[in-house]
Amino acid sequence: MVADPLPIAATVAGLMMAASPALQIRRMLQMRSSADVSIGYLALLQLGFIVWLTYGLTLSNAAMVIANIASLLFGATTILFAPTPHSTTVTSRGL
């Protein structure tokens, strides 16, 4: 039996979106600064992920649950990396 491709595609897309904060973490590490990171924005996203995770659990929707757990983990990692000291010697290179 062939699996329905939509839940698979949704899970893959969700995981890719969940991993997108890795780009911000990479930039913070390269610039050695978190000056351009909004902790409030990231915290609000985390609340949204919690709501969607709860909804996914209520529906027993594995795609929603997996994607939102991954989003919570990547988002939390970004928030943990953000309090790094702001560097004044490194200039922005528009990465």
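Annotations for the structure displayed:
- Options LEU80, LEU72; residue that is of a type outside the set (Val, Ile, Thr), farther than 15 Å from LEU15 by Cα and assigned to a helix (DSSP H, G or I): LEU80
- Within segment 32-69, the set of residues being surrounded by fewer than 12 Cβ atoms within 10 Å (Cβ to Cβ), over 25 Å from ALA9 (Cβ atoms) and of a type in the set (Val, Ile, Thr) is empty.
- Test: PHE74 is modelled with pLDDT of 80 or more and aromatic (Phe, Trp, Tyr): yes
- Of all residues in segment 71-81, those satisfying the criterion of being buried (at least 19 other Cβ atoms within 10 Å of the Cβ) and small (Gly, Ala, Ser) are SER71, GLY75.
The values are calculated or read from the model by the stated rules, or taken from the named source; none is laboratory data. Computed from a predicted model, the values in this text were never measured in an experiment. FYI the Cβ positions are ideal-geometry reconstructions off the backbone, even for glycines, and counts take in every protein chain you see.
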